Each structure stands twice: as structure tokens, then as C-alpha cells.
Amino acid sequence: MSDRNTLYQWANLPKELLQKIGKHLDCRIDVYRFRAVCTSWRSSVSPSYRQSTRIPLKLPPPIFADAFLSPVTICRLEQVEDNFSSSSSNSMAWLTKVEESTVGDMQLLMPLSNRQIKALFWPVPKKTLNLLNFRLVELAKACTLKRAKGRPVLGIDKMVPFPNTNLSNDVSSSDFGLFAIFHEGKLGYWRNGDENWNLLDDRNFHYDDIIVYKGQLYVIDRCGTVSWIDSSLNLIQYSPPLYGCGSKKNLVESCGDLYVVDRYLDGERRTWQGNEDEHINQYLLYLVRNYRRSRAKTVDVKVYKLDEDWGTWVDVKTLDDRVFVVGNECCFSFSTKEFDGWDGNFIYFNDPSDEDCRGELSGYVGHVFRLSDRSIGKATHFLGNSQISKLPS
């Protein structure tokens, strides 16, 4: 059967079935892509069917009252050869990030710096991205905590909502909560309706990263100890200490395994010097009022893989065809087989010194570490002009 006949059959699905499918589209990108299939699919779902993906939150002070949760999606942007082809060549694929802008449009962002790719901002007339000609393939999802004008909330390095399901439906639930690693290493938690942030660990103020791995929350501290958070908000040690001498550790999932990217910095990171008994809200107020960026830069990187069967760390010498991206919202990996012109065995990241005084990444910044020769360079070429913004008109 030809591709054209197959498309004709899909176009003639019953309207009630299309409407039922439409109810399971959780974000605007899915709605746009659904409507781009054909006329019958377009008429079955309104473009305004899904409201804004920005989710307002009533967080306790000193987090600003206008703070909202903004979901972001890391995507592989593929150019479709023709309207009847279900496959596309990896030679026409780009790595990008999709997020709703402050005016309600969807925008493409640089994966590391979060800077908008202005030439591809839609739905501005004559600068649109026709989703009949492009396919957005999800690689990873994350959320950021922002203020009304789109700036990040100062004092929070990493934030993960949990349960990590359909946020638009679950955010009003009493079970919905946010786990956050604050700027100087404390691990905090806020549940919907709480009047204050709470500490999960009042003894360890040196946490580096938090992720959802296999449906469970995991955190890592600066000694390289990985712990998981159970339903009672207890921290259960999951791995032995890494005893790596690096200054900044991030968790990355790749092919179902858990990795640690351990970065060595040329300067000291800020650590909490206050009273351990000080209330978490006073601590946050201190961070907001005294936020200062670090000037430390990465000088070396090591990678370790957790052998879950033996409970040991394995020193990783090569990532083969994989690429690790260590971002502010999330860390993820992908295979270079999905992107033409990319080399594997690389790690892309931002340095603390890349942030400006408002906590935003300045310019199209980013760095790349090559495991083969342990060299570090600017990643603008890799995640900027050559791989993303030079899309065909």
C-alpha cells in the first residue's frame, strides 16, 4: 500500500476518535503537530485547546509571588522529506529546546544558554516553522522556575517537580511538590499548600544535583554519594561515595545506566557559611539578597558509571557515539547516529562564570569537553550556528 493511501486512511478516522486522542495531548507542541497532519485532524482540535503551559505557583516567601513553572522540552528537530514520508534523514536534524515565551508563543532555544533562536521564532509572520515540514522528536523534559518577565528565580540551582507526570493536572493536587537544590548546596522541598520550604537533610549542605531516574528521585552530594528519596521524604543511600576530587557533580542517565560527570573547577564554589539552625526561609532570603555568581571555570572532567549490581563506580574512558549535555534544567544524553555532523565522546556544559548578575546565561555560551584528548573548547560552534540556526528557509 502506498504512503499516499496510508495517509488517506489516517485522514478518515472518525471525528469522535480524533477528539478523544486530542484530549491526551498534554502540550501545545503536540497540538500543533496533531493539527498539521491534514484538514480533518486540524478541524477536530482547536489551536487553543491547550492553554498556557506556564503554571502559576503560590510559593512561600522569599520566592516572588509571580513565580511560575515553565516546562521545557529538549527535541531533535527533523526536516521531513515529504508530506507522505514517515521517516527523515539524520542529515537534516538539529538539537534544540522548546519553551513557551512570556507572550504565549512557542520558541526555539539554544540547548545550553536558553537564548532564543530569533530567526525561528513562531508564529511571527514570514518567520514561521511549518510543522508539516518539520518533526519535533522529544529527547528529554524538564521544568524551570521563573518570574513573570521570564527571568530565573535566584537562589535555586536545580528544581524538579514531583510527581513528574502531567503537570497541568497535578499541580493543584495536595501531593504535588517541588524538590530544589539551592545555590549553596541545601536540599529543600515544598509541597502544595505548605507555608514554608522544608529541608530534607539538615546535616548535609553540599548537594549538587537531583534527577528522576527510573521513576524515582535521586540526588548526589559533593562527595559523590547518590541517595534516593522515598515516599516519606527519607534519604536512602544508594551508592558508595565517589571520592572524586571534582568540584561539581551532575547525574546523567544514558541507555538506562546512571553516570556522574565530575567537573574540576579552577576556583572555589560558594558554600553556606551561616547558622545551621537558621530557618530555610531566612536562608533563601539571604540567597536572593546576596546572589553573586561564581567566577570558577572548568579545567578537567571525569566520568563515572554506577555498577548497580556490585555497588561500585566504574571510571569511564569513552562514551563511544554518545554525547552528554549538562544543562541547568536537566542533564541528558543522545546518540550521534541521530545527528549528522556530530562526533560522539563529547560533554557539553556551562560554567558558573557564564551567568550574569541576574542568574541568566550571557550570550550563546557553552563549553565542550573532548574525552579522547581531554581538551576543553567553546561550544558555540557545536550548539549554535552550524547545528541549529542554519535551518533551510
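The values are calculated or read from the model by the stated rules, or taken from the named source; none is laboratory data. Bear in mind the structure is a predicted one, so any value in this text is a computation, not a measurement. Don't worry about glycine lacking a Cβ; one is built from the backbone with ideal geometry, like all the others, and counts go over all protein chains shown.
Take the residues in region 240-283 that are among the β-branched types (V, I, T) and closer than 20 Å to N204 by Cα, then tell me which one is modelled with the lowest pLDDT. Once the filter is applied, the top-ranked residue is T271.
Considering only residues in region 304-340 that are exposed (fewer than 13 other Cβ atoms within 10 Å of the Cβ) and in a strand (DSSP E or B), the one that is nearest to the chain's Cα centre (by Cα) turns out to be D315.
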